[in-house]
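Working notes, beginning with the structure itself.
The values are calculated or read from the model by the stated rules, or taken from the named source; none is laboratory data. In this text, all values refer to a predicted model and were calculated from it rather than measured experimentally. Backbone-built Cβ (ideal geometry, glycine too); neighbour counts: all protein chains shown. The area values use the complete protein model at the heavy-atom level, side chains included, leaving out ligands, DNA and RNA. Shrake-Rupley method; radii C 1.70, N 1.55, O 1.52, S 1.80 Å.
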Amino acid sequence: MNDIDMDGHPLEPIGGELENDIYFSGNFDGNGKTIYNLNLMGEFASSFMNVGLFGCTKNAVIKNLNIAQMVATDGYTSTAYFNVGTLIGKAISTTVVNCHIKSDMGLAACLPQSQTTLYAGGLIGMIQDGGTVKGCTYKGTMTIQGRGDPDANHAGNRVAVLAGALVGRVDANAGVDGMTVTIEDCIIDGNIKLSGPCYHSGFSGVLGIFYNGYGAADSFSSDFIRIYFK
């Protein structure tokens, strides 16, 4: 019913792990209100693979919500997660309408033992198995600092970054035919900065990457993914 100032206090993501059936699967209406000074980068960041106000959503609707300024305790968040978005880390068959983000985003793309890729989006880290993003905006700067192996002769030890100002990655599991993602009436105003021992295989203003579920990291398959921009 009111704007909320989180005052930089760490917030555990709402629904963090699909693997443990912990995800948000309802309808959330923010009533046009704003969350200020949201801290997703504190003590909980290393505990979840999906980081955002909503860590993971499935068959959900998120609408009419504003987030102004995300806070990071040391300037960068880090460790073992790999789907990061200010609003949603991983959105599965989810609809997002009239949500607006105005915040700089500082991420440290580390090299955990079992994961070498960071999927980052100003709004959503990853969209999976279809979804809709309508009437949303992202305004800010994403600054991603690699913290992998600095040895240029060992590029495989560097962190891969897939980043988009709106969505970091669009993914379809193998066999999910007819998946459709629609992005409509959205505005982005900002830029993405990448530094340190990392590289990118998907990097763009709106979407970071299309992925068809067969391990071809830079390929687009119309058999599985259909993306419409309106």
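Things to note:
- Some residue of region 176-199 being over 14 Å from the mean Cα position of the chain (by Cα), at pLDDT below 70 and closer than 17 Å to residue 90 by Cβ: yes
- Looking across region 1-34, just one residue is of a type in the set (Asp, Glu), modelled with pLDDT under 85 and either open to solvent by less than 50 Å² (accessible area, probe 1.4 Å) or over 19 Å from residue 90 (Cα atoms) (or both), and that is 17.
- Failed criterion for residue 169 (all others in (1) open to solvent by less than 50 Å² (accessible area, probe 1.4 Å); (2) at pLDDT below 85 hold): (2)
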